[in-house]
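J.: There's a structure below that I have some questions on.
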Amino acid sequence: MTDFDTTNSPPRDEVRAARRTRSRELWSLVLLSPVFLLLTLIILLPEIWALTISFTNYRLGEPVRNVGLLNFEYFLTDPAFWNAVWVNIKFVIGAVTLQMVIGLGISLFLATQKFRWRFFWIALVLAPMAVSPAVSSVIWRYLLDLNIGPVNYLVEMMGFERIQFLTGYQVAIFSVIMVEVWLAIPHVVLFLYPARITFPPELYDAAEVDGATAWQKFRYITFPLLRPAFFLSLVFRLIITIRAFGVVWLLTGGGPLRQTELLAIYMYKEGFENWRFGSAASIAWAMLVITMLMASYVIYLMYRNSFSNVGREN
Amino acid sequence: MADIEIERVVKRFGDFMALKGVSMTIPDGSFVALVGPSGCGKTTLLRSICGLEDITNGDIYIGGERVTDREPKDRDIAMVFQSYALYPHFDVFDNMAFSMRLAKSPRSAMEKKVDGASGILGLKDFLHRLPRQLSGGQRQRVAMGRAIVRNPKVFLFDEPLSNLDAKLRVHMRKEIKELHQRLKVTSVFVTHDQIEAMTLADVVVVMNAGVVEQAGHPLELYDRPANPFVAGFIGSPSMNLLSGRVETDGDEGRVKLDSGGVLPLPANVSVEAGDSVTYGIRPEHLRPGDVGGTAVAQVSVVEPTGFETMVYLDLSGTEVCMRATDRLALAPDDRIGLVPDLEHVHIFAADDGRRLN
């Protein structure tokens, strides 16, 4: 009762203040620990486990033996691996470029043009995000089907021959890229549209008075200011697209003749069709390293170019 | 150098008519302030002169050339925006040189122009800073520098001081005036602050609801407002506007106020007995009189500020303001008579608001 008044007063001496700071730090660690624990369990431990078995011949029903770098040597000399690398490069370059360009275009269009029902159109653009990728893959497989697909029905109606969207030797890679792009655009718009609508309209009035054309306004004002959001979105899309699996697996299963066999599909087949887990784990690690290197490079670019000279305030 | 001719300019936004046929001539080298309450069309008019707004009808000439259909960049104007609109990712130099860069001017020409403008504005030490590293006043100067570099025929200012704090605003007001005296470029300045308009401009244009209410020299607007709107808008605190009916008492005319009380009518007013009028009298042109007078009011608030005393009075439910430079010994609830200075009484017709004296 008598101490009541002093509990709210500031600490009397430094020792007490320091003790309080330390206990606060401890308390914040305690509060954060569930997240660390969760991340350790679902990310760190599986990665370490994968690294461990990538040096073994681990496969179902056989004794585990350490094989050193044999797994890495095995896939690095496998022509199917290099095919997968090449398919992956085509897929990432094609899909990410289109996602970013179309996503940027749609974001700028939505943010700058005057039209009715703006929020309806925004919702429509974002809709693919609300659908599970597995479901949309199945829908797209039906839409693009050679025999019963509505798209081919339209193609035929327009007087062309039916196209083997998912089974054509040259065509399949373009089809899977298009579906991946369709799925990813909302993600890009979600980054770029909110960034664009924060730019003050007076900036564009000033540019107009200064004599800038539409292209010059984009080149000198919109894009430089959008760069942080653009690069952030690019990093996400690169990481996600490099590891792409589900959509392509459900659409083509990697076929025809490995024309759409991405690294992740190659790895999946190694693990769950050939049951060579050790080998699959080594491929997974190779993918992780490649992804990390690429993402780090883009993040490096982002910090060098954007945050050093772009202010948020006017 | 150029005059600006605005001919019957109409601007519609859908069903809303922002400018209802505005005409005015802004002489070469003058400094004109467009002033009025929010939504009166002053900014729309400025943006129409600038070319950022396409007008629905009418014509605009700058320096004798019709610019109605020209792009802003081809009108030979420069604009300073309310939020300065500096490009946040360019440093001061690039902000000021942007128009020249777009016009593909050589680097040496850009440096020369920017050097000149930054010298005038005292920005030489800041050329390689980003806008976010500058204070409000410095950003304001960069915005003006950007305009000066274009070497335009006309400067347009859209409430450029309203984002500054009170002290800086007074300072920048003086700088803008000095700049104009030095460059003598025709300038149009939009503000909702009548003090700003009065102190800066050669000509003040009072706008209301898309029309020009009155245009003229600041003191002319103050001394002879054309209608009750201008009378109430120009001057702070605003003019007392009391409605009433004209009565005659022998040769002497007087106005019987609706709120009660009678005030004398000045000479040379074209009214007849029975006319409804608005009786305008500025706070500084009222004096306290004795309680036996014709209009007696009750003191509600007294505000002594040293140099002057502001007295708010209740005249049978209507608030009246009186301003005196002598120190009045008044307290709330005191009753005093109101004595107007007849030389400074403004009489307006009640129906159409035209000035009657």
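The values are calculated or read from the model by the stated rules, or taken from the named source; none is laboratory data. Just so it is clear, the structure is predicted and the values come from calculations on it, not from any experiment. Ideal geometry is used to build each Cβ from the backbone, glycine not excepted, and the neighbour counts take in all protein chains shown.
J.: Of these, A:Val135, A:Val189, A:Val155, which one is more than 14 Å from every other protein chain (Cβ to nearest Cβ), buried (at least 18 other Cβ atoms within 10 Å of the Cβ) and either part of a helix (DSSP H, G or I) or modelled with pLDDT of 90 or more (or both)?
T.: A:Val189
J.: Filtering region B:175-225 down to residues that are out of contact with any strand residue (DSSP E or B) (no Cβ under 8 Å at 6 or more places or on another chain) and not in a helix (DSSP H, G or I), which residue is nearest to B:Ser48 (Cα to Cα)?
T.: Looking at residues that are out of contact with any strand residue (DSSP E or B) (no Cβ under 8 Å at 6 or more places or on another chain) and not in a helix (DSSP H, G or I), I get B:Asn208.
J.: Shifting gears a bit: Any residue in region B:118-137 that is within 27 Å of B:Leu46 (Cα to Cα), out of contact with any helix residue (DSSP H, G or I) (no Cβ under 7 Å at 6 or more places or on another chain) and in a helix (DSSP H, G or I)?
T.: no
Every residue, every condition in (1) assigned by TED's automatic domain parsing to the domain that holds A:Phe174; (2) surrounded by 13 or more Cβ atoms within 10 Å (Cβ to Cβ); (3) touching a residue at least 12 places away in the same chain (Cβ under 8 Å), yes or no:
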{"site": "A:Pro63", "(1), (2), (3)": "no, no, no"}
{"site": "A:Leu76", "(1), (2), (3)": "yes, yes, no"}
{"site": "A:Phe81", "(1), (2), (3)": "yes, yes, yes"}
{"site": "A:Ala84", "(1), (2), (3)": "yes, yes, yes"}
{"site": "A:Asn88", "(1), (2), (3)": "yes, yes, yes"}
{"site": "A:Gln99", "(1), (2), (3)": "yes, yes, yes"}
{"site": "A:Ile102", "(1), (2), (3)": "yes, yes, yes"}
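J.: Further question: Being farther than 14 Å from A:Trp140 by Cα, surrounded by fewer than 18 Cβ atoms within 10 Å (Cβ to Cβ) and not aromatic (Phe, Trp, Tyr) is the filter here, so list the residues in region A:168-185 that pass it.
T.: If the condition is that a residue be farther than 14 Å from A:Trp140 by Cα, surrounded by fewer than 18 Cβ atoms within 10 Å (Cβ to Cβ) and not aromatic (Phe, Trp, Tyr), then A:Gly168, A:Gln170, A:Val171 are the ones that fit.
J.: Any idea which residue in region A:192-220 is farthest from the other protein chains (Cβ to nearest Cβ), counting only those that are among the small types (Gly, Ala, Ser) and in a loop (DSSP other than H, G, I, E, B)?
T.: Looking at residues that are among the small types (Gly, Ala, Ser) and in a loop (DSSP other than H, G, I, E, B), I get A:Ala212.
J.: Looking only at region A:221-237, which residues are among the β-branched types (Val, Ile, Thr) and within 9 Å of another protein chain (Cβ to nearest Cβ)?
T.: A:Ile221
J.: Among the numbered criteria (1) closer than 16 Å to A:Ser175 by Cβ; (2) without any contact (Cβ under 8 Å) to a residue 24 or more places away in the chain, which single criterion is violated by A:Glu273?
T.: Unmet condition: (1).
J.: Looking only at region B:162-187, how many residues end up being within 23 Å of B:Gly232 (Cα to Cα) and buried (at least 20 other Cβ atoms within 10 Å of the Cβ)?
T.: 0
J.: Here is a follow-up. Would you confirm whether or not region B:61-70 contains a residue that is surrounded by fewer than 23 Cβ atoms within 10 Å (Cβ to Cβ), within 14 Å of chain A (Cβ to nearest Cβ), touching a residue at least 12 places away in the same chain (Cβ under 8 Å) and out of contact with any Lys or Arg (no Cβ under 9 Å at 6 or more places or on another chain)?
T.: So far as region B:61-70 goes, yes, one or more of its residues are surrounded by fewer than 23 Cβ atoms within 10 Å (Cβ to Cβ), within 14 Å of chain A (Cβ to nearest Cβ), touching a residue at least 12 places away in the same chain (Cβ under 8 Å) and out of contact with any Lys or Arg (no Cβ under 9 Å at 6 or more places or on another chain).
J.: Look through region B:106-144, keep the residues that are among the hydroxyl-bearing types (Ser, Thr, Tyr) and exposed (fewer than 15 other Cβ atoms within 10 Å of the Cβ), and return whichever of them is farthest from the other protein chains (Cβ to nearest Cβ).
T.: Here the residue is B:Ser108.
J.: Spot the failing condition for B:Thr305; the list is (1) closer than 25 Å to B:Gln214 by Cβ; (2) within 30 Å of the chain's Cα centre (by Cα), and only one is missed.
T.: It fails just one condition, (1).
J.: What number of residues within region B:259-317 are assigned to a loop (DSSP other than H, G, I, E, B), in contact with a Lys or Arg (Cβ under 8 Å, 6 or more places away or on another chain) and under 16 Å from B:Leu330 (Cα atoms)?
T.: Adding up the residues that qualify gives 2.
J.: Take the conditions more than 20 Å from A:Phe199 (Cβ to Cβ) and assigned to a loop (DSSP other than H, G, I, E, B) and apply them to B:Leu168. Does it pass?
T.: Spelling it out, it is not the case that B:Leu168 is more than 20 Å from A:Phe199 (Cβ to Cβ) and assigned to a loop (DSSP other than H, G, I, E, B).
J.: For region A:50-67, name all the residues that are over 29 Å from A:Glu180 (Cβ atoms) and in a helix (DSSP H, G or I).
T.: A:Thr52, A:Ile53 - these are the residues of region A:50-67 that are over 29 Å from A:Glu180 (Cβ atoms) and in a helix (DSSP H, G or I).
J.: Turning to a different aspect of this structure: For region B:88-98, how many residues are surrounded by fewer than 24 Cβ atoms within 10 Å (Cβ to Cβ) and within 7 Å of chain A (Cβ to nearest Cβ)?
T.: Residues that pass the stated criteria total 2.
J.: Consider B:Leu52 carefully, then state whether it is modelled with pLDDT of 90 or more and more than 14 Å from chain A (Cβ to nearest Cβ).
T.: Spelling it out, it is not the case that B:Leu52 is modelled with pLDDT of 90 or more and more than 14 Å from chain A (Cβ to nearest Cβ).
J.: OK, next. If you scan region A:68-93, which residues turn out to be over 17 Å from A:Ala264 (Cα atoms) and either in contact with a Gly (Cβ under 9 Å, 6 or more places away or on another chain) or in a helix (DSSP H, G or I) (or both)?
T.: The answer is A:Leu70, A:Glu73.
J.: Here is a further query. Pull up region B:218-271, narrow it to residues that are polar (S, T, N, Q) and within 16 Å of B:His285 (Cβ to Cβ), then point me to the one that is modelled with the lowest pLDDT.
T.: Only one residue fits best here, namely B:Ser236.
J.: Now, a different point. Among all residue pairs at least 6 apart or on different chains, which show Cβ distances below 8 Å where the first residue, located in region A:154-180, is on the phi > 0 side of the Ramachandran plot and the second is assigned to a helix (DSSP H, G or I)?
T.: Pairs that qualify, where the first residue is on the phi > 0 side of the Ramachandran plot and the partner is assigned to a helix (DSSP H, G or I): there are none.
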